[in-house]
Amino acid sequence: MVFLNLKFQNIEKKITIEQSRIIQTETVKGMERKVKNLNKELRELKQVQSKQSNLYQALDNISQNLLLGVEVYSLTIDGETGRVMVMGHSASRDSLLSIKQILETSPEYKNIDFPLSNLTAPKDIDFQFSFTLNLK
């Protein structure tokens, strides 16, 4: 009986050790899953951050190099498609012609929609146009 009792205690000890290993293994697996999920979220965040950075650079370029000599009332950029819509006022047709030329000659802009109605009046022109940014 004593022998069986010792055997039983020995088996209980082994079971406890194995249960501890199983718990540790499950904990490690759970941690691995959490790390994988966090890494995935970080990759997604970096992608979004990269897109935002490209949009900020594009917006800076548009404001400094494209929209010269005009007053902008509204500028909307669709972050997914890169589509830009601009509404504003120009004191002269020449400013709008310059913008149109930049849009048409620069590889940064495509799918340009620049209505002829923007150019019918010689001065005091309310305008609107749109284009798609060629985001890399």
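The values are calculated or read from the model by the stated rules, or taken from the named source; none is laboratory data. In this text the structure is predicted, and so the values were computed from the model without any measurement. Cβ placement follows ideal geometry from the backbone for every residue including glycine, while neighbour counts extend to all protein chains displayed. Please note that ligands, DNA and RNA were not included when accessible areas were found on the heavy atoms of the full protein model with its side chains. Shrake-Rupley method; radii C 1.70, N 1.55, O 1.52, S 1.80 Å.
Ordered from largest to smallest accessible area (heavy atoms of protein chains, 1.4 Å probe), the residues Thr132, Thr27 come out as Thr27, Thr132. The string of couplings for region 118-125 from the Karplus curve (6.51, -1.76, 1.60, θ = phi - 60°) is 5, 10, 6, 8, x, 8, 6, 10 Hz, one whole number per residue in order, with x for Gly and Pro. Divided by 2.2 N^0.38 Å, where N counts the residues, the Cα radius of gyration of the chain comes to 2.27.
Counting 0.36 nm for each residue step from Ile11 to Ala91 and taking away their Cα separation leaves a gain of 19.5 nm.
Quick one: Cα centre-to-centre distance for region 84-125 and region 10-48, in angstrom? So the two Cα centres are separated by 59 Å. With respect to the chain, whose longest principal axis is taken over its alpha-carbon atoms, helix 2-61 is tilted by about 10°. In the elastic network of the chain, a GNM with C-alpha springs shorter than 10 Å, the most mobile of Leu38, Leu68, Leu119 is Leu38.
Glu71: net charge of surrounding residues, Cβ under 12 Å, Lys/Arg +1, Asp/Glu -1, itself excluded? Spelling it out: positives minus negatives among the neighbours equals -2.
A dipole drawn for the chain from +1 and -1 charges on Cβ atoms has a positive end, and of Ile17, Leu96, Ile112 the residue lying farthest that way is Ile17. Taking the helices alone, the chain has a mean residue ellipticity at 222 nm of -19500 deg cm²/dmol, built from -39,500 (n - 2.57) per DSSP H run of at least 4 residues and averaged over all its residues.
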